[in-house]
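Data block below; observations after.
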């Protein structure tokens with residue numbers, strides 16, 4: 001099975017996110033600059049949760065992330081705490097463990113049957129390929145936000 005090339009784009013974006021998390025201080029990644037309603041670490045948690053929702057959430061397979069994480073980083077949420085080093089390390093690990101799990105589950109055929117879904121942007125998700133394509137777009141959009149935030153912190 002040839003994997004969707006958008007998966008590699010997602011992986012590279014997550015590597016870039018981790019580099020930013022490694023480079024900046026805990027205060028910087030938690031800072032919410034004026035004019036923004038979130039911070040760098042929230043954006044990293046958010047891309048993990050949305051990827052889970054777009055793939056596992058559209059199947060009958062339980063999401064690999066916790067309900068607490070889902071609630072904390074779901075669309076419409078905002079950072080509601082200072083994320084300490086343990087929380088940051090957990091998100092850094094989840095950037096890659098969720099990607100690896102997704103890749104394994106695609107290869108095994110576990111994610112073959114997705115319930116059709118129309119995004120708020122009118123992008124129709126009908127299969128794992130379109131879910132990955134939309135997720136790649138979503139993660140790229142948040143990478144732009146992360147890069148903007150990095151300049152302001």
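Which condition does residue 133 not pass, out of (1) modelled with pLDDT under 95; (2) over 17 Å from residue 52 (Cβ atoms), if it passes all the others?
(2)
List, please: which pairs have Cβ atoms under 9 Å, are six or more places apart or on different chains, and start with a residue in the range 82-109 that is modelled with pLDDT under 95 and end with one that is surrounded by fewer than 11 Cβ atoms within 10 Å (Cβ to Cβ) and assigned to a loop (DSSP other than H, G, I, E, B)?
Going by the 9 Å Cβ cut-off, the qualifying pairs are 106/1; 107/1; 109/1.
For the range 120-152, how many residues are surrounded by fewer than 13 Cβ atoms within 10 Å (Cβ to Cβ) and touching a strand residue (DSSP E or B) at 6+ places or on another chain (Cβ under 9 Å)?
Within the range 120-152, residues that are surrounded by fewer than 13 Cβ atoms within 10 Å (Cβ to Cβ) and touching a strand residue (DSSP E or B) at 6+ places or on another chain (Cβ under 9 Å) number 1.
The values are calculated or read from the model by the stated rules, or taken from the named source; none is laboratory data. Everything numeric in this text was worked out from a predicted model, so none of it was measured. Note that we place each Cβ from the backbone using ideal geometry, even for glycine, and neighbour counts take in every protein chain shown.
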